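Written below as structure tokens is the structure these notes are about.
The values are calculated or read from the model by the stated rules, or taken from the named source; none is laboratory data. What you see is a predicted model; the values in this text were computed from it and never measured. Glycine also receives a Cβ, built like all others from the backbone with ideal geometry; neighbour counts cover every protein chain displayed. We work out accessible area using only protein heavy atoms, side chains counted, and drop any ligands, DNA or RNA first. Shrake-Rupley method; radii C 1.70, N 1.55, O 1.52, S 1.80 Å.
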Amino acid sequence: MANLALSELLGASVVDSSGVVAGRVREIVLTPQTSRNEIFSFIVRTPKGDRILPREAFQNVNGGVRSSQPAESWLEFANPEGMFLLGRDLLDQQIIDVHGRKVVRVNDVDFETVSVNGHVILRVFGVDVGTRGAVRRLLKGVVPMIALRGLLSRIPPASFLGSMWTS
């Protein structure tokens, strides 16, 4: 079951190992050559520029991101070659459903989280092509998250689970 969305993570604060807010999530990265559904890293906008927070450093991703590493150890983000940036490359893109019959627009991306040895693994569960994802994105920052979740619980999900994500 999906329990987190891309729109909830984009812009979320990132706290480093010292407990200081080091930046905000700018982008979420997949590297298809490594894994087709497991998140590889976050791109974090910091005062010193964009940095890569590797998946090995994810301690918690609910209500913000907590890292097990100090911000000074995060590598500088320079070139997105070979990276699939979910916000840039997937949101608002048109895709064809699994039966090849209908073109739909991606409104959000759903993730599932798994905790392993004090670290979090984040996996793509599916893409939201319905009203729920659109409402989540439109009302983010306008409506408090707790009220937004209550509203979203009344909207049925319309997810697309493609072979890219489930293989």
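What to note about this one:
- Of the numbered criteria (1) within 12 Å of the chain's Cα centre (by Cα); (2) in contact (Cβ under 8 Å) with a residue 40 or more places away in the chain; (3) open to solvent by less than 40 Å² (accessible area, probe 1.4 Å), the one residue 71 fails is (1).
- Looking only at region 77-115, and only at residues there that are among the charged types (D, E, K, R) and without any contact (Cβ under 8 Å) to a residue 24 or more places away in the chain, the one that is least open to solvent (accessible area, probe 1.4 Å): 89
- Some residue of region 65-84 being under 14 Å from residue 25 (Cα atoms), at pLDDT 90 or above and out of contact with any Asp or Glu (no Cβ under 9 Å at 6 or more places or on another chain): yes
- Here residue 19 meets the list (1) small (Gly, Ala, Ser); (2) open to solvent by 40 Å² or more (accessible area, probe 1.4 Å); (3) in contact with a Ser or Thr (Cβ under 7 Å, 6 or more places away or on another chain) almost entirely, failing just condition (3).
- Looking only at residues in region 26-44 that are crowded, with 17+ Cβ neighbours inside 10 Å and more than 21 Å from residue 116 (Cβ to Cβ), the one that is nearest to the chain's Cα centre (by Cα) is 27.
- Of the residues 127, 114, 109, the single one that is modelled with pLDDT of 85 or more, in contact with a Phe, Trp or Tyr (Cβ under 6 Å, 6 or more places away or on another chain) and part of a strand (DSSP E or B) is 127.
- Out of 105, 55, sole residue that is among the basic types (Lys, Arg) and closer than 30 Å to residue 19 by Cα: 55
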